[in-house]
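Q: I have a structure here, written as structure tokens, and I will follow up with some questions on it.
What follows draws every value from the coordinates through simple rules; no lab data is involved. Note that the structure is a prediction, hence the values are computed from the model and not measured. Cβ placement follows ideal geometry from the backbone for every residue including glycine, while neighbour counts extend to all protein chains displayed.
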Amino acid sequence: MAAATVRTAPYGTWTSPITAAEVAAAGTRVEWVGFVGEHVWWTELRPQEGGRSALVGRAPDGTVADLLGAGWSVRSRVIEYGGRPWLALGTDASAGFVFTHGGDQRVYRCVPGADPVPLSPEPELPAGFRYADFARVGEEVWCLRETLLDPAGTEVRRALVALPLDGRAAGDPGAVRVLGAGHHLMTGPKVSPDGRQVAWIGWNHPDMPWETTDLMCAPVRPDGTLGPARRIAGGPGVSVGQVEWAPDRPGVLYALSDPDGWWNLHEIGPEGDSRSLCPRAEEFGEPLWRIGARWFLPADDGRLFVVHGTSERRLAVLHPDGSLVDVPSPYTEWAQLATDGRRVAGTAAGPQLQSSVVLVDFGSLEDSYASEGPRLEKLRGAGPGHEASRNADWLPYGSHEVFRNEGGEDVHAFVHLPHNPGFTAPEGELPPFLVQAHGGPTTRSHLVVNREVAYFTSRGIGVVDVQYGGSTGFGRPYRERLRGNWGVVDVQDCAAVARGLVARGLADPERIGIRGGSAGGWTAAASLAAEPSLYRVAGIYYPLLDPEEWRDRGTHDFESRYLENLLGPWPQAAERYARVSPLRRADRVRAPFVIMQGLDDTVTPPVQAERFLERLGGAVPHAYLTFEGEQHGFRRAETVVACLHAELSVYGQVFGFEPPGVPRRELSA
């Protein structure tokens, strides 16, 4: 853009082509990638279709098409956060596939040219049986089944089960074979190439899967039942997050685990002997928030396709001699890997590249790969018209920065300065800044194209995405800083980054806000109470606001004991629960805020937000938006648009500017 067209205007008043509707459309997520012969399939979560998750296929000729009609959604709700929801029944697309339908959570089989037919029985409770992480074994599919014993999902049983492919179990629950259990929480079965053994990961409350898990293995008897299972890896203080069988070495497993404090890859022999394949102070995976996630996969020739890094995840090839060779590419975040043994596909994104499905052809060790490198091909982008470069000039240039908290510890953050090619701020004006706290809290943010961030930065509002203590990517000690200190370490780290920005002359100290969703909503609300002189406003999405009430009421089973790690066991840590509760500290809140809440949220139900507002008693200006049909994490485009408009309007009122083209959201007291 020519310099003559650049206008001078205060931060926050810049106009931008990145609209709230574009942000909502960019919320399309590509995930759960898989090969079906020469085809590549994946799911697309589409906000513009009411949050439907479509199964999409890309043929060898480049044709991309939905594989199911608009009435079908390929989505599993196991552990509420989901799991791998589909499996091709062969290497030829004509063999069809099985999938979990998002509406009723039953398993269906679909073959080309025919409507899907159910394989699993209808439960007594709506969506009371949930299935994920499938494997085909003869004329059955083996998978994880989750059985809800109450409508709220607070009492759950899990087991590995076998569903006959002829469909007889759809009308006869007795035709479902229970293969085994042993742990309260489990992944699906990984069947060895010779069909003689099955491996899976299990754990029990109060552990979360990034704390302690067991890698289990059991023989498959001739009649298809499982023999006694034994633990071959994991155990107290060790997290196993993924397991795969070696395709050409009987009885050999590859496992992602962290006995040395980092999620590295290990080889486990038939006798249980283990060795680290590439010991590094890096992560080769992520916490197991979703059943069936894959961060590494074995190739056909002894190599492993892997992702690795700390604040990013690069794609690489791990060779049998232990050497790790990065794949040259502009993408810095790879996930959802799939392979046919010689190629790999996955989701990939970068600082200036929208998340896409990308195919990488490595060839063999003997071909041109050694001299020319692998061949990359983008199969599909997420977002409006699947255009990765849409309004690219308005995207911020984020950077990974390290700050120090009061204890002198490192705090990692991604800094996104205001950026708009058509505007500059008046000389001497410092920008308003939003501190962004990610959810989880045991997860992380990605330094990639994020149009929600760009919605603010392109209007002249900076965003800093804080990877506070407890975040993953920086080893077990960094994430265990949060143990027993939720509402303290995250709050202090966010404040340290905000003050660090001010000290570096990058942010206006009088215009600092904080935003976050779920666990990030907790951090935002707790920060208002803990730092009333630092933050001037907050945008809070579906937050947890009272840990004691959350514990007493009961949440979904997967997270029902999570607080024992984050805050401590009950009732021994009761005083700590009360001390950090945003609800109990509501009298300390001075800054205006907006809360956005789904009315069908079973993770953090609206009663907590309502009680928080009651406790304030009209003392603080605020807005409260509720949305029928939305659960934990908004999926509908109209919801995303309404929330962003409300946030920007409230920020403008507090920071002293009028955002152009945004309907005013009045604050009530």
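Q: For the pair Asp248 and Ala281, how long in nm is the line joining their label points, each one 7 Å along Cα→Cβ?
A: 3.6
Q: Same structure, new question: List, in order, the whole-Hz ³J(HN,Hα) value for each residue of segment 37-47 obtained from phi through the Karplus relation with A = 6.51, B = -1.76, C = 1.60 and θ = phi - 60°; use x for Gly and Pro.
A: With the stated coefficients, segment 37-47 comes to x, 7, 8, 10, 10, 7, 9, 10, 7, 10, x Hz.
Q: Output ³J(HN,Hα) for segment 566-575: one whole-Hz value per residue in order, computed from phi by the Karplus curve 6.51 cos²θ - 1.76 cosθ + 1.60 with θ = phi - 60°, and x for Gly and Pro.
A: Working through the residues one at a time gives 6, 10, x, x, 9, x, 4, 9, 4, 5 Hz.
Q: Now for a different question. Work out how much length Glu666 to Ala70 would gain on full extension: take 0.36 nm times their residue separation and subtract the Cα-Cα distance, in nm to one decimal.
A: Full-extension gain reported as 210.8 nm.
Q: Still on this structure: Show me the helices of the chain, taken as full DSSP H stretches, that run 18 Å or more along their long axis by Cα and average 0.5 or above in Kyte-Doolittle hydropathy. Walk me through the numbers before you get to the answer.
A: On the way: long enough: 489-503 (20 Å, 0.99); 637-655 (27 Å, 0.96).
Length and hydropathy pass: 489-503, 637-655.
Q: Also: For Glu124 and Arg579, calculate 0.36 nm times their separation in residues minus their Cα-Cα distance, and state this gained length in nm to one decimal. Show your work: numbers first, answer last.
A: Numbers: separation 455, 0.36 × 455 = 163.80 nm, distance 4.17 nm.
Stretched fully, the Glu124-Arg579 segment lengthens by 159.6 nm.
Q: Taking θ as phi - 60°, what are the ³J(HN,Hα) couplings along segment 246-262 by the Karplus curve (6.51, -1.76, 1.60), each to the nearest whole Hz, with x for Gly and Pro?
A: For segment 246-262, the Karplus-derived couplings read 5, x, 10, 9, x, x, 9, 10, 10, 9, 8, 8, 10, x, 9, x, 10 Hz, x marking Gly and Pro.
Q: I've got another one for you. What is the gain in length, in nm to one decimal, between Ala59 and Asn204 on full extension, counting 0.36 nm per residue of separation less the C-alpha to C-alpha distance?
A: Stretched fully, the Ala59-Asn204 segment lengthens by 48.0 nm.
Q: Counting other Cβ atoms within 10 Å, keep those with at most 13, restrict to DSSP loop, and tell me which GluC sites (Glu not before Pro) in segment 572-631 are left.
A: Numbers: sites: Glu575, Glu610, Glu614, Glu628, Glu630; in loops: Glu628, Glu630.
Answer by residue number: Glu628.
Q: Let me ask something additional. Where both partners of a DSSP beta bridge lie in segment 391-655, what percent of those bridges are antiparallel, to the nearest 5?
A: Details: 11 of 36 bridges.
Around 30 percent antiparallel, to the nearest 5.
Q: Please give the calculated 222 nm ellipticity per residue for the chain, where each DSSP H segment of at least 4 residues contributes -39500 (n - 2.57) and the sum is spread over every residue; nearest 500 deg cm²/dmol?
A: On the way: 11 runs with 98 residues, N = 669.
After summing the helix terms and dividing by residue count, I get -4000 deg cm²/dmol.
Q: State the Cα centre-to-centre distance between segment 504-580 and segment 582-631 in whole Å.
A: Spelled out, the Cα-based centre of one part sits 12 Å from the other.
Q: Cα centroid distance between segment 88-109 and segment 126-205, in Å?
A: Comparing the Cα centres of segment 88-109 and segment 126-205, I get a distance of 15 Å.
Q: May I ask you to derive the FRET efficiency for Asp150 and Glu427 from their Cβ-Cβ distance with R0 = 45 Å, giving the value to the nearest 0.05? Working shown, then result.
A: Details: r = 62 Å, r/R0 = 1.38.
For Asp150 and Glu427, the calculated efficiency is 0.15.
Q: Okay, next question. Which residues in segment 121-143 place their backbone N less than 17 Å from a point set 7 Å from the Cα of Ala181 along the Cα-to-Cβ direction?
A: Only 124-125, 128-132, 143 pass the distance filter.
Q: With N set to the number of residues, divide the alpha-carbon radius of gyration of segment 284-357 by 2.2 N^0.38 Å and report two decimals.
A: Working: Rg = 11.9 Å, N = 74, 2.2 N^0.38 = 11.3 Å.
In units of the globular-protein estimate, segment 284-357 measures up at 1.06.
Q: Any chance you could list the semi-axes, whole Å, largest first, of the equivalent ellipsoid that the Cα gyration tensor gives for the chain, using √(5λ)?
A: Numbers: eigenvalues 324, 161, 125 Å².
Each semi-axis is the square root of five times an eigenvalue, giving 40, 28, 25 Å.
Q: Where Rh denotes the Kirkwood radius from the mean inverse Cα pair distance, what is Rg over Rh for segment 134-198?
A: Values: Rg = 12.8 Å, Rh = 12.8 Å.
Ratio of gyration radius to Kirkwood radius: 1.00.
Q: Between segment 1-45 and segment 255-312, how far is it from one alpha carbon centroid to the other, in angstrom?
A: 31
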